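Below: the structure, in structure tokens.
Taken together, the values in this text are just the output of simple stated rules run on the coordinates, not laboratory data. Quick caveat, the model's predicted, so the values are computed rather than measured. All Cβ positions, glycine included, derive from the backbone under ideal geometry; neighbour counts span all protein chains shown.
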Amino acid sequence: MLIKGIIVEDFVNYKEPCMTIEFPFCDFKCDRENGSQLCQNWSLQFEDSIDMSYERIADLYTSNEITKAIVFQGLEPYFDRKVLYELIDTLRNKTDDPIVIYTGYTEDELQDDIPLLRFYRNIIVKFGRYRPNQESHYDEVLGVMLANDEQYAKEIK
């Protein structure tokens, strides 16, 4: 699969140490809706992509004794659902640790995906677009600050 980057030990995006995968594509819906370029991940689109197998990603994760979760984030994991679900399948064959998906889509926009996610164990989705100039808030599920009230995380059960 193509990725923009991998943070093998990340202490920022989840309440537990995690490995973070940066997905390579986005349609920049947040920017379009806000009428300006404001995405904090905008520059990722210009970085070289890395081709890494699902198995290699899973092996990197499971061989690390520090990480307790894996995070998928921007650009946009849902831009290519086939790749997203194949990576989840591969990881679920090796670990039941939390998989956290940071998406700019709303829960309503992902209604067709929610039943698919329920098939897996221990999936958390951070929903919602970035909206500038709003008050940030602490998300109990993720254990991190999110940029605005439209953003929130849910464990998919």
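Some notes on this structure:
- Relative packing of peptides 121-128, 5-12, 133-140, 75-82 - highest average C-beta neighbours within 10 Å first: 121-128, 75-82, 5-12, 133-140
- Antiparallel %, DSSP beta bridges [both residues in the chain], to 5: 55 percent
- Most mobile listed residue (98, 115, 24) in the chain, GNM with C-alpha springs under 10 Å: 115
- Euclidean distance between Cα centres, region 99-142 to region 2-36, Å: 13 Å
- Inter-label distance for residue 136 and residue 106, nm, one decimal - labels placed 7 Å from Cα along Cα-to-Cβ: 2.4 nm
- Among the GluC sites (Glu not before Pro) found in region 55-95, those both in a DSSP coil and sparsely packed, with 15 or fewer other Cβ atoms within 10 Å of their Cβ, are 65.
- Of 15/154; 82/126; 4/154, those spanning more than 21 Å from alpha-carbon to alpha-carbon: 4/154
- Alpha-carbon Rg/Rh ratio, for region 65-157, with Rh computed the Kirkwood way: 0.96
- Within region 15-32, backbone nitrogen closer than 19 Å to the virtual label 7 Å beyond the Cα of residue 49 toward Cβ: 21-29
- With contacts taken as Cα pairs under 8 Å at a separation of at least 6 residues, the chain carries a relative contact order of 22 percent.
- Charged neighbours of residue 37, selected by a Cβ distance under 15 Å, balance to +1 (K, R count +1; D, E count -1).
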